[in-house]
Structures are given as structure tokens and as C-alpha cells.
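Peer 1: Here it is: the structure, laid out below.
The values are calculated or read from the model by the stated rules, or taken from the named source; none is laboratory data. Please read these numbers as outputs of a predicted model, since none were measured by experiment. Here the Cβ is made from the backbone with ideal geometry for all residues, glycine too, and neighbour counts use every protein chain on show. These area figures cover heavy atoms from the full protein model, side chains too; ligands, DNA and RNA do not enter into them. Shrake-Rupley method; radii C 1.70, N 1.55, O 1.52, S 1.80 Å.
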Amino acid sequence: MNSKLKYKIKNNSSIKPFLISDKIFNSLEIIKNGTKELLLEEELIKKLIRSENTNKPLRIKLGFDPTSPDIHLGHIIVLDKLHQLQNLGHQVIFLVGDFTAIIGDPTGKNITRPLLTDEQINFNAQTYFSQISLILDIEKTKICYNSKWCNKLSAKDIIKLTSYYNVARMMERDDFTKRYKNGISISIHEFLYPLIQGYDSVALKSDLELGGVDQKFNLLVAREIQRNYFQEPQCTLTMPLLEGLDGIQKMSKSKDNYIGITEPSNIMFAKIMSISDSMMWRYYELILKYSLNTISNFKTEIIAGKNPRDFKIILAKKIVTRFHSKSAAKNALYDFIKRSKGEIPDNIPELEIHGAPFYIGNLLKKINLCPSISSALRMIEQRGIRVNGVIISDKNLQLNSGTFVLQVGKRKFIRVKLL
């Protein structure tokens, strides 16, 4: 017979200690480690006790809207936690929000998101499965699309769903409050997003839902929706957010400050090397899961004279190794060193373009090294453009037929043959 431990919830003297097994105690330690907030812990303990007694795993939900095709390092924090829960024997559900993607999550947005087409959503969704298989055991992962049940909702069903929440409560979310105060429009369909997300929890009979700390409002709305459908409300587990390459805003493809987990190894390596010395510790903590004590020791070594760049190289090698391979990380380091010295890397994309001669600004835009002609010309002013290793200062430069290596900044290279 398993021994029972007394488990006391911290900072809550009103709740009596639980008698739990060693297994549940260890599960709670794993579940809570590295998280921002677990709500409500006493409810989760009861769910875990019931799961152990009935030998029925918890149903754990994580939803991703396919608004872009890339999973990035910022997503890894919550996916790693989902994998831990999977290893504890629970049923993890990866929910593709192909229906909610039509609405667009207003979280963190100061304007209404543009509506995506069905084609965009389907394309993005298809890219997710190979990417999440780098983190989750895909054979043990239940993959669902919320269009399966949301497309069946009638107008009457939607009206019933909206009756379970009021506008005053909806305006409590920070994004809407700021937009309202600043006179920025809020579309009615945006109010539907947390309600539909909550209905997903009803459809899946979710016991626990994971999300970033910025998703707390949506996750708590789901608890209320479940109650109205006579279900036991899910618990919520929020995870910290990873800052992007700018070191300020959360990592996001829309902000172009992200590191995709399937990006080429040399690009991934170079992006990691571009983060600030102070920010790299967040990546050590949230991506590599290093303890704060170990990170403190690294900082002490730097104070004693060790170069911060050495620790950043270790960080980049470990992340690239995880998502590519050890040999890919070694080659990426070699490539990075060559680029940092101004040398041309061995393996760069090659293009063949007809229509020479080309003005340099037009060519850089045409081959997507710069988003626009004006940005290309600004890069020339900032001495950020090289042709065959030579810095270009002439905005009116024309390139005739021939083969050229074009470089923008330190990381972007293309060998182009003009005909």
C-alpha cells in the first residue's frame, strides 16, 4: 500500500492539507516547476487524486491558432511543459484553432487582427505537425481541429454562448480597456474569441489548459463557460513569456523578432548570437531549463573576466543541437565565425534572374533581401550592403550581366546570376 504524504498549499491557510501519494506529490512538483501560476491548485490535486484512483488520465489541452506557419522558441516553453505532462501519463490534446484563427486572438493587440483566408489557415496548420513532433510524442498526442464542433454551432447556439458572459467582464481584459480608452475600435467578433476558446474546453472536456501568462483571461473565461454547460471547470497553468530578439516584446513572427525551430541551423545560430548579453540568461532559463543557481555561477565567471560571448556560443550550440544535430551546430558555428569576419559562407542560396541591368535597390527588393526599395536604400546609407564583399555607397549603382554575391547586414547572403 502506498504511503500518504500531507501536502499543504502554500499561502493559503484556509485549505486543509491533502493526503496524497508519493506519485501525486512528484507530479505536482513537475507540473509547477517553471510555471507562472497554477489555478486552482486544490482543484488540480483533487483531479489528480481522482485520476490515480480511477486510473483515468487527465485531459490536458493546449490550443494553437494557425495564424502563421512557424513554431518558434517562444512556443517551446509551453510545449515542453505539455510534454512533461504527457510523460506523467496524461492525455495531451493539441488543438489546432482553425476556427478561432478566423476571428483572431485579440490578446496583446492594439488593433483588430486582419481576417485570414481558409487557404492561409489550412497551409499554416499543416506545417505544425512535423514541428510539434520535435517536442511531443506525436503517437500519444491527440490532435483536434476546433472547426469540427464550431462549424456545427447555429446562430441560436452562438446567442446562448454569448449570454454566459457580459460586456463589463469582457472589458476587464487589458487589451480591450487600452483600446477603448485610446478610441481604437473593437470589433464585436473579437468578443467571441475567448467564448469560443471556452467552448473548446467544453467540447474536449478539458481538465487542465496550458497557455502563456498573457492567455490568463481566456483560460479563466473557459472555466466559466464550462460551469454553464454543467462541467467541472478546468484548472489553468500559465507559463512565462520569452522575449524576442529585440529583448523587449514577446517573441512573435508578426514582430519579426522570432527564432523558428525549423529555420536553417546557421540562421538559428546567428539569431541566437544576436541577442543581448543580459537577455541570454532568459534563454538559458526558459529554453535550456538551467537553474537560477547555475546561471548565477555563469554570471560570476563573467564578472571574473570570462567573455559573455563564450556563454552565448554554448547557448546557440545547445539549441541548434536540439532542433537539428550536433554536427549542424558545429557547422553553424563555423559559418557564424566566417560571417563575423566578413567572409562569404560556403553554402548560400543561389538565384538566376533575367532582365539585367538592375539598379541595386530594385534588385535587393526583387530577391527579397530587403522588404522594399526604400529600405534597401536606407541600408546603403547605413553601409549595410555589400556586393562581392565590397561595401556599397552608390544608391544608383547598376549591376550588369554576371554573377554577384549580395550581402545585407551580417546574416543575409545570396549568390545571384544576372542574365
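Peer 1: Can you list, largest first and rounded to whole Å, the semi-axes you get for the stretch 10-242 by taking the square root of 5 times each eigenvalue of its Cα gyration tensor?
Peer 2: Numbers: eigenvalues 166, 92, 61 Å².
Equivalent ellipsoid semi-axes, largest first: 29, 21, 17 Å.
Peer 1: So what's the stretch 350-418 giving for Cα Rg divided by 2.2 N^0.38 Å, two decimals?
Peer 2: Dividing the Cα radius of gyration by 2.2 N^0.38 Å gives 0.95.
Peer 1: Treating the beta-carbon of each Lys and Arg as +1 and of each Asp and Glu as -1, no other charges, what is the dipole magnitude of the stretch 193-345 about its Cα centre, to the nearest 20 debye?
Peer 2: Magnitude of the dipole: close to 640 debye.
Peer 1: Turning to a different aspect of this structure: Of the accessible area of the stretch 265-341, with the probe set at 1.4 angstrom, what percent is carbon plus sulfur? Each step should come with its number before you reach the end.
Peer 2: Values: 2110 of 3930 Å².
Carbon and sulfur: 54 percent of the exposed surface of the stretch 265-341.
Peer 1: Taking the Cα centre of the stretch 350-418 as origin, sum charge times position over the Cβ atoms of Lys and Arg (+1) and Asp and Glu (-1), and report the length of that vector in debye to the nearest 20.
Peer 2: Charge dipole, the stretch 350-418, about its Cα centre: 240 debye, nearest 20.
Peer 1: Continuing with the same structure: Among all the aspartates and glutamates, which ones have a C-alpha under 13 Å from K36's C-alpha, if same-chain residues fewer than 8 places away are not counted?
Peer 2: Partners found: D214.
Peer 1: Show me, bin by bin at 20 Å from 0, the whole-percent P(r) of the chain based on Cα pairs.
Peer 2: All Cα pairs considered, the percentages come to 22, 49, 26, 4, 0.
Peer 1: Kirkwood hydrodynamic radius, the stretch 178-227, all distinct C-alpha pairs: what's the number in Å? Don't skip to the end; give the middle numbers.
Peer 2: Values: mean 1/r = 0.0839 Å⁻¹.
Kirkwood radius, the stretch 178-227: 11.9 Å.
Peer 1: Just to be sure I understand the model, the point goes 7 Å from the Cα along the line to the Cβ. What's the resulting N368 to Y7 distance in nm?
Peer 2: With each label point 7 Å from Cα toward Cβ, the separation is 4.9 nm.
Peer 1: With an 8 Å Cα cut-off and a minimum separation of 6 or more residues, compute the relative contact order for the stretch 265-341 in percent.
Peer 2: Details: 58 pairs, mean separation 35.4, N = 77.
So the answer I get is 46 percent.
Peer 1: Dipole of the stretch 292-378, Cα-centred, from +1 at each Lys and Arg C-beta and -1 at each Asp and Glu C-beta, to the nearest 20 debye? Let's see the in-between values first.
Peer 2: Working: 15 positive and 7 negative charges, 80 e Å.
Its charge dipole is roughly 380 debye.
Peer 1: Taking all protein chains as present, what is the carbon and sulfur share of the accessible area of the stretch 350-418, in % to the nearest whole number, probe 1.4 Å? All intermediate terms of the calculation are to be shown ahead of the outcome.
Peer 2: Values: 1810 of 3900 Å².
The C+S portion of the solvent-accessible surface of the stretch 350-418 is 46 percent.
Peer 1: While we're here: Kindly flag which residue pairs out of K312/K395; K255/K410; K32/K253; K160/K205; K16/K46; K178/K255 have an alpha-carbon separation exceeding 24 Å in this structure.
Peer 2: On the way: K312/K395 36 Å; K255/K410 20 Å; K32/K253 28 Å; K160/K205 19 Å; K16/K46 13 Å; K178/K255 20 Å.
From K312/K395; K255/K410; K32/K253; K160/K205; K16/K46; K178/K255, over 24 Å: K312/K395; K32/K253.
Peer 1: Using only Cα positions of the stretch 265-341, each an equal point scatterer, no hydration layer, compute I(q)/I(0) via Debye at q = 0.13, 0.20 Å⁻¹ and quote the log10 values to two decimals.
Peer 2: -0.38, -0.85
Peer 1: Less than 20 Å from a label point 7 Å out along the Cα-to-Cβ axis of S375: which backbone N atoms in the stretch 57-96 qualify, by residue?
Peer 2: Backbone N within reach: 68-72.
Peer 1: Give the peptides 360-370, 282-292 in descending order of average Cβ contacts within 10 Å, highest first. The partial results should precede the final answer.
Peer 2: Details: 360-370: 20.0, 282-292: 16.2.
Packing proxy ranking, top to bottom: 360-370, 282-292.
Peer 1: What is the sum of charges, Lys and Arg at +1 and Asp and Glu at -1, for the other residues whose Cβ falls under 15 Å from the Cβ of K142? Each step should come with its number before you reach the end.
Peer 2: On the way: positive: K56, R59, K61, K140, K148, K205; negative: D137, E139, D200, D207, E209.
That sum, taken over residues with Cβ under 15 Å, equals +1.
Peer 1: How much accessible area per residue does the chain have, in Å², with a 1.4 Å probe? Can you show the working numbers first?
Peer 2: Values: 21470 Å² over 419 residues.
About 51 Å² of surface per residue is accessible.
Peer 1: Related question: Just order 396-409, 173-186 by mean Cβ neighbour count inside 10 Å, highest at the front, would you? Numbers along the way, then the final one.
Peer 2: Working: 396-409: 15.3, 173-186: 12.9.
Per-residue mean Cβ counts within 10 Å order the peptides as 396-409, 173-186.
Peer 1: Specify which residue in the list A222, I76, V92 is farthest towards the positive end of the charge dipole of the stretch 10-242, using unit charges on the beta carbon of Lys, Arg (+1) and Asp, Glu (-1), about the Cα centre.
Peer 2: Farthest along the dipole direction, towards plus: A222.
Peer 1: Shape call for the stretch 252-305 from the C-alpha gyration tensor, a ≥ b ≥ c root eigenvalues: rounded (a/c under 1.5), prolate (a/b greater than b/c) or oblate?
Peer 2: prolate
Peer 1: If you take the charge dipole of the stretch 265-341 about its Cα centre, with +1 on Lys and Arg Cβ and -1 on Asp and Glu Cβ, which of I313, M268, W281 is farthest toward its positive end?
Peer 2: Farthest towards the positive pole: M268.
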